[in-house]
1. Suppose every Lys and Arg Cβ carries +1 and every Asp and Glu Cβ carries -1, with no other charges. What dipole size does the chain come out with about its Cα centre, to the nearest 20 debye?
2. Helices from the chain with mean Kyte-Doolittle at least 1.0 and a Cα length along the axis of 27 Å or more, per DSSP H: which?
3. From Cα pairs below 8 angstrom and at least 6 apart in sequence, can you work out the relative contact order of the chain, rounded to a whole percent?
4. If I model a spin label at ALA214 and ALA194 as a point 7 Å from the Cα along the Cα→Cβ vector, what separation in nanometres do I get?
5. Out of residues 5 or more away from ALA61 or on other chains, whose amide H comes under 5 Å of its own, with H placed 1.01 Å from N in the peptide plane?
6. What is the P(r) of segment 1-126, as percent of Cα-Cα pairs per 10 Å bin from 0?
7. So I have (1) 15.9, 47; (2) 22.6, 67; (3) 17.1, 52, and one of them is Rg and Dmax of the Cα atoms in Å calculated from this model. Which one is it?
8. Return the long-range amide H neighbours of GLU15 (sequence gap of 5 or more, or a different chain), with a cut-off of under 5 Å between placed amide H atoms.
Amino acid sequence: MLEVEELRSAYGRIEAVKGVSLSVRTGEIVALVGSNGAGKTTLLRAISGVQPVTAGRIALAGARIETAPPHRRVALGMAHVPEGRQVFAPLTVADNLRLGAFLRRDQDIARDVERVYAMFPALADKRRDPAGGLSGGQQQMLAIGRALMARPKLLLLDEPSMGLAPLLVRQILDAVVALKQEGVTILLVEQNAAAALAIADRGYVIETGRISHAGTGAALAEDPRVREAYLGG
């Protein structure tokens with residue numbers, strides 16, 4: 001589904017992603033874990049097109065996309081749930097969801113809105129409320145639901161558990177697993193390495209802009225170096 005080869009991206013003279021290569025096979029959850037400032041968010045932004053790349057190759061389902069604008073990547077089947085949710089605060093929950101379908105011209109948008117409400121019942125109760133008034137967990141649900149309205153083949157999730165209480169973290173990660181079971185392929189960036197690796201088929205560890213470890217989620221969770229650095233020993 002996704003192939004990234006020797007990808008580089010910089011902020012001015014500071015290179016944040018330094019030749020990263022990774023792959024996500026169709027139907028997988030792949031976790032990308034690492035410390036703050038390691039390059040996780042920059043890598044996701046480069047893949048979705050909102051951060052320029054300086055070198056390397058990105059292919060989505062075999063199509064080269066590294067020079068494609070973000071809306072073209074959405075049309076090809078990619079959706080990005082950004083760090084910090086970034087919902088449209090003054091708009092209602094329902095309008096936020098409909099905006100996720102801005103490229104669609106089919107007749108099933110209303111049905112897909114109801115599908116999101118079925119997945120996240122808390123949003124159904126708030127459908128007419130401004131998104132800015134939602135709790136952090138509800139905003140995260142809305143951001144995921146908005147991305148699903150594009151009917152993505154590949155979902156990029158950036159720090160979905162950030163700032164949430166443990167019970168809400170569990171709900172969000174359970175939803176991620178449910179999406180995989182529905183056929184959505186997922187690249188999950190998450191600072192909570194233990195939670196991410198527990199649900200991931202495979203994972204990568206990124207350190208200072210480079211991939212340092214790769215393997216199955218279970219193998220990385222048991223790797224002594226990964227455990228010491230990211231899992232508390």
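1. On the way: 28 positive and 24 negative charges, 118 e Å.
Dipole magnitude for the chain comes out near 560 debye.
2. None clear 27 Å together with a mean of 1.0.
3. Details: 455 pairs, mean separation 64.8, N = 233.
It comes to 28 percent, rounded to a whole number.
4. A separation of 2.7 nm, rounded to one decimal place.
5. Correct list: LEU2, GLU3.
6. Percent of pairs per bin, in order: 11, 36, 32, 19, 2.
7. Read-out taken from this structure: (3).
8. none
Read-outs throughout are calculated quantities, based only on the coordinates presented, and are distinct from any laboratory measurement. Remember, it's a predicted structure, so these values are computed and weren't measured experimentally. Positions of Cβ are generated from backbone atoms using ideal geometry, with glycine treated the same way; all protein chains shown enter the neighbour counts.
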